[in-house]
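The values are calculated or read from the model by the stated rules, or taken from the named source; none is laboratory data. The structure presented is a predicted model; accordingly, all values stated were derived computationally and were not measured. Please note: Cβ atoms are built from the backbone with ideal geometry, for glycine as well, and neighbour counts cover all protein chains shown.
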Amino acid sequence: MDDEQIATMRKVFQMFDQGKTGFVECAKFVNILNTLGQTFDEDELKARIAENDPEKEGKVDFDKFCSIVMPFLEEDDDEAMHEELKEAFRLYDKGGDGFITTSVLREILKELDNKLTEDDLDGIIDEIDEDGSGTVDFDEFMEMMTGE
């Protein structure tokens with residue numbers, strides 16, 4: 001995995017680790033892969049989970065999370081990652097307008113990192129919403145998520 005993939009995987013991990021426990025519940029993997037727009041074989045998924053959670057704790061840390069999710073993603077390339085982010089964007093673009101408001105983005109960022117201060121959030125929003133429109137389109141969202 002390259003740095004970009006690791007950063008993206010960390011964001012996905014944090015979306016599903018809402019309690020900031022450092023773990024994601026194994027029961028969430030079907031939902032995670034669906035959210036990422038991945039097709040997958042449930043038996044293969046169960047086998048990967050069993051392999052990475054031998055004590056059957058029902059949760060895995062970030063490294064094991066990657067071990068479970070990455071093989072399903074590696075079949076794809078950057079285009080697939082683009083599609084996955086587009087799907088995530090669509091979840092937040094409830095009106096289907098092609099943009100999300102900066103207030104929605106602020107909520108997403110807070111979910112991803114609860115250590116961000118209001119000033120941090122303002123800085124990030126100002127950086128992303130270059131035109132000051134109060135909205136973030138898909139390209140601006142992509143740039144934020146992938147650094148491209």
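List of remarks:
- Residue satisfying condition, being of a type in the set (Asp, Glu) and farther than 17 Å from Asn31 by Cβ, within set Asp53, Asp113: Asp113
- Any chance Met15 is of a type in the set (A, V, I, L, M) and within 18 Å of Glu111 (Cα to Cα): yes
- Taking region 94-105 as the range and being within 17 Å of the chain's Cα centre (by Cα) and surrounded by 16 or more Cβ atoms within 10 Å (Cβ to Cβ) as the test, the residues that pass are Ile100, Leu105.
- Condition check for Leu91: buried (at least 16 other Cβ atoms within 10 Å of the Cβ) and either outside any helix (DSSP H, G or I) or without any contact (Cβ under 8 Å) to a residue 60 or more places away in the chain (or both): no
- Only one entry of Leu36, Leu45 meets the criterion of being under 26 Å from Asp129 (Cα atoms), touching a helix residue (DSSP H, G or I) at 6+ places or on another chain (Cβ under 9 Å) and hydrophobic (A, V, I, L, M, F, W, C), and that entry is Leu36.
- Test: residue in region 135-142 that is closer than 30 Å to Thr21 by Cβ and within 15 Å of the chain's Cα centre (by Cα): yes
- The condition (being more than 23 Å from Asp2 (Cβ to Cβ), under 16 Å from the mean Cα position of the chain (by Cα) and not basic (Lys, Arg)) is satisfied by just one residue among Leu91, Leu116: Leu91.
- Evaluated against (1) among the polar types (S, T, N, Q); (2) at pLDDT 90 or above; (3) in contact with a Phe, Trp or Tyr (Cβ under 8 Å, 6 or more places away or on another chain), Thr21 falls short on exactly one condition, (3).
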